[in-house]
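In what follows, a single structure is set out as structure tokens and then discussed.
The values are calculated or read from the model by the stated rules, or taken from the named source; none is laboratory data. Quick caveat, the model's predicted, so the values are computed rather than measured. Reconstructed Cβ throughout: ideal geometry from the backbone, glycine too, with neighbour counts over all protein chains shown. We work out accessible area using only protein heavy atoms, side chains counted, and drop any ligands, DNA or RNA first. Shrake-Rupley method; radii C 1.70, N 1.55, O 1.52, S 1.80 Å.
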Amino acid sequence: MHDLLAQLLSQGLLDGWGDTDFDLPHLIKAVALLRRGVIPAALWELRQVERWGERHLKLLKACLGQDILLNALAEDHWGAFSWENQRSLDLMWGALLGPKIAHLHDYYARATRFATRVVGVEHGERWARAKGLKEGTPLLLVPEPANPYDPNAIHVFTPTGGSIGFLRRSLAAALAPRLAAGTAASARVAYVLGETYPLDQRVNIHVELGLTPGQVAETKPSYQVSVSCSVFLNSLASTSAPLLVPGR
């Protein structure tokens, strides 16, 4: 936060804001969260802004790259629960992204790296496992084509095989065909929020999608997650959390 405030001061982005401009704290917190990959909580902060103006947009454009903004738009459009999306940010997205909004319709079908959240954390011991995860901890993304509730389901596990939830249904629908085609995928913890936040906003992750098997033969992968198969299977056998989650 110190570096962000220093940037705002050095670029004059705080000039003209008064003591009663209560939108400013929401903007600053949203920027800090988005930079960490904590999108749902950041979107909530942006929805608290009462009156958008040019200085609001200037601050966001100066502090956030187009990739972060497009990722946040995709999460807002495709990944928000109805209770989170009661105040539209569409005009803000149009002003910030302009023609780049056209990339929204196939964002998850093309993206190679993005931030998202884990849902279904409230079931069983998932939150107990997730709340101790540190930033950067690698995670496993496991497709479940036989899942009776959703054949596109993608389960999220800790490195030792403990379930912490699923990817959102809409996101899984876009990623499942890519994974089925052999695209390499990995994930790591972006940030885990505390208990003052709704459970489905707490566990935030970064997902990276790499190369198909044909591309791997030509190019060495840039990352790899290695987990003991026996540890993983033993953990699945002993976990008390349900693996099938209806209504994600």
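Taking each of 61/131; 29/61; 29/58; 58/134 in turn, the alpha-carbon distance tops 22 angstrom for 61/131; 58/134.
Excluding ligands, DNA and RNA, the accessible surface per residue across region 139-203 is 36 Å² with a 1.4 Å probe.
The alpha carbons of region 121-193 give a radius of gyration and a Dmax of 12.3, 34 Å, in that order.
Express in whole angstrom the spacing between the alpha-carbon centres of region 85-101 and region 105-176. Centre-to-centre distance over Cα atoms comes out at 26 Å.
Listed peptides 173-186, 97-110 appear in the order 173-186, 97-110 once ranked by packing, highest mean of other Cβ atoms within 10 Å at the front. Using the Cβ atoms and a cut-off under 15 Å, what net charge is assigned to the surroundings of residue 17, where Lys and Arg are +1 and Asp and Glu are -1? Net charge around residue 17: -2. What nm value, rounded to one decimal, do you get for the distance between residue 90 and residue 149 when each label is placed 7 Å out toward the C-beta? Spacing of the two 7 Å Cα→Cβ label points: 3.1 nm. Taking a Cβ cut-off of under 14 Å around residue 178, the surrounding Lys, Arg, Asp and Glu residues balance to a net charge of 0, with basic ones at +1 and acidic ones at -1.
Can you give the net charge of the other residues whose Cβ lies under 11 Å from the Cβ of residue 202, counting K and R as +1 and D and E as -1? Summing Lys/Arg as +1 and Asp/Glu as -1 gives 0. Peptides 119-128, 36-45 ranked from most to least packed by the mean count of surrounding Cβ atoms within 10 Å: 36-45, 119-128. All Cα-Cα separations within region 1-96 were binned at 10 Å from zero, giving a P(r) of 15, 54, 27, 4, each value a whole percent of the pairs.
Dimensions of region 90-221 from C-alpha coordinates, computed as largest minus smallest value along each principal axis and given longest first, are 43, 39, 31 Å.
Modelled spin labels at residue 180 and residue 54, positioned 7 Å past Cα toward Cβ, are 5.1 nm from each other.
Take 161-168, 197-204 and order them by the average number of nearby Cβ atoms within 10 Å per residue, most first; the result is 161-168, 197-204.
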